[in-house]
Amino acid sequence: MKEQIQEASMKVSMAEKIGYSMGDGSANLVFQMMMMFQLFFYTDVFGIKATAAGMILLVARIFDAFVDPMVGILSDRTETRWGKYRPWVLWTALPFAVFFILAFSTPDLGERGKILYAGATYIILMSIYSFNNTPYSSIGGVMTSDIKERTSIASVRFVTATIATFVVQGLTLPLVTKFGQGNAPKGWHITIALFAIIGFGLMIITFFSCKERIKPVKNQKTSVKQDFHDLVGSRPWKAMFVLTIFLFTTLAMWGSSMSYYFKYVVDKQSLYDFLSTLGLTVSATGGIGQSILDAFGLIVKSDLSNVFAVGFSLFNMAGQLVTLVGVILLSGWLSGLFGKRNVFIVCLAFTALFTSMFFVVGSKSITAIFIINLLKSLSYAPTIPLLWAMMGDVADYNEWQYNRRATGFTFAGIVFALKAGLGVGGAICGKILDNFGFVANAPQQLNSSIVGIRLTSSLIPAVTFAIGVLALFFYPISKKSNQNMQKELTIRRGTTK
């Protein structure tokens, strides 16, 4: 009876799940922009060389090595009437929005000044990201200990995250073109300011929506040294750390390179013809539908000047729609049948396979390019909520093994791995492009440059995805062991109150 009461108290309403998910919608307005467009913005808008831009992304990771553990330590030791982690979402909401705008601004500076400005704003933005996203992610680990509820929270969270990703990947370039009217820096500034305002509002909603239910073990002594010892000794945490680094290295590399892929590799006339069949080009009849699309910059002009923006946006939006369907319909169902780890392994392996196909598809085969993307997106979709749901399981595993709980510190290491992957992926992409002779905004790229773009959008990310698959074989928490662990933890928590 006591266990049943405790299980009932761990149920989370749909309103709270949706409110919590708003925070990830906000974070993804920033994260997706960084992953998809930061390197492209630095090279093709701000005018920084590809290698220097890549180094900015990589050097910031040195600061993260100090910032992320500190955030975990501080948030685990925060005591307020709102809980440990919720206050950080509120405190960081405004500076997060401000530095988001600054990181995509283009002050008139010399080459060295641009590098210093870009480096400073990027490092500060990523530091604020840590102070916001580590506590935010930790909230998901303490809202409930119920396995199904935790997966449900993660699924709802990533529905909102996918919608935000859809907006960023699908509307950024058309809005930049629309707002800029030929002035790219102006278009970027207005677009980012709009996203920043929306992101600020979503963070506030999250703060007022959720509740922290799982508390640390009663009379638990706070020890940073012990936190490090527990984390380093945790086999599932180490497996998730390696997975996360390679996963986000891949996503950042592939996301960055696809901007160049569509701008410099895909045949523009073939892309125009494909978009024309979908009614996304200027027509004599016009109509209200075309007017609405044109308001968002999603109609290709007759001179093909924005065919890259519209084509790449449609490519991203189609992928995200399939991802959204996959998250909603497949993630919870598949993990319930086969367990999180097994679903992650199979789906990530198929993702690697479809990613590799971008190397062989022809630049004029637009339909094939879109089909491969849809297959890749559907394969990857079920894994999206599972990463963070599994991290909540890791926090439970550490509590079960060491009788100590440090949720914030556990998630801090993964947020560091996430941002390390973001930096490493961008740096690899920038370095390879530079070595293969890439020249920003050149009307005609060298054949070697085209090969470099193709490699960073296909075979290289396929290999790094595959390394992530291997890491999952060292993750020991199966469906059955997780169920047994949760039962024992429920008894322990009930006897320590």
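Just so it is clear, none of the values below were taken in a lab; they were calculated from the coordinates. Keep in mind the model is a prediction, meaning the values are calculated, not measured. Cβ coordinates were reconstructed from backbone atoms using ideal geometry, including for glycine residues, and neighbour counts include every protein chain displayed.
Only Cα pairs under 8 Å and 6+ residues apart enter the sum, and on that basis the relative contact order of the chain stands at 28 percent. When only alpha carbons are used to place a centre, the range 49-73 and the range 133-187 end up 21 Å from one another. Cα-based values for the chain, radius of gyration first and Dmax second, are 22.5, 74 Å.
Rounded, prolate or oblate: pick one for the range 66-136, where a ≥ b ≥ c are the square roots of the eigenvalues of its C-alpha gyration tensor, a/c under 1.5 means rounded, and failing that, prolate if a/b is larger than b/c, else oblate. Because a/c hits 1.5 or more and a/b exceeds b/c, the range 66-136 counts as prolate.
Hydrophobic long helices, here whole DSSP H runs in the chain with Kyte-Doolittle means of at least 1.6 and Cα atoms spread over 18 Å or more along the helix axis, are found at 307-326, 459-472. Amide H to amide H, with H built 1.01 Å from N, Val300 comes under 5 Å of Thr281, Val282, counting only residues 5 or more places away or on other chains.
Rounded to the nearest 0.05, the FRET efficiency derived from the C-beta distance between Ser448 and Phe296 at R0 = 30 Å is 0.25.
Would you kindly state how much longer the chain becomes between Phe338 and Gln181 on full extension, computed as 0.36 nm times their sequence separation minus their alpha carbon distance, in nm to one decimal?
On the way: separation 157, 0.36 × 157 = 56.52 nm, distance 5.11 nm.
Value of the extension gain: 51.4 nm.
With the simple model of a label 7 Å out from the Cα in the direction of the Cβ, Ile197 to Val463 spans 4.6 nm. Checked against a 24 Å cut-off, the cross-linked pairs Lys376/Lys480; Lys238/Lys431; Lys11/Lys479; Lys211/Lys238; Lys114/Lys186; Lys17/Lys238 give Cα-Cα distances beyond that limit for Lys376/Lys480; Lys238/Lys431; Lys211/Lys238; Lys17/Lys238.
Its DSSP H runs of at least 4 residues, each contributing -39,500 (n - 2.57), put the calculated 222 nm mean residue ellipticity of the chain at -26000 deg cm²/dmol, to the nearest 500.
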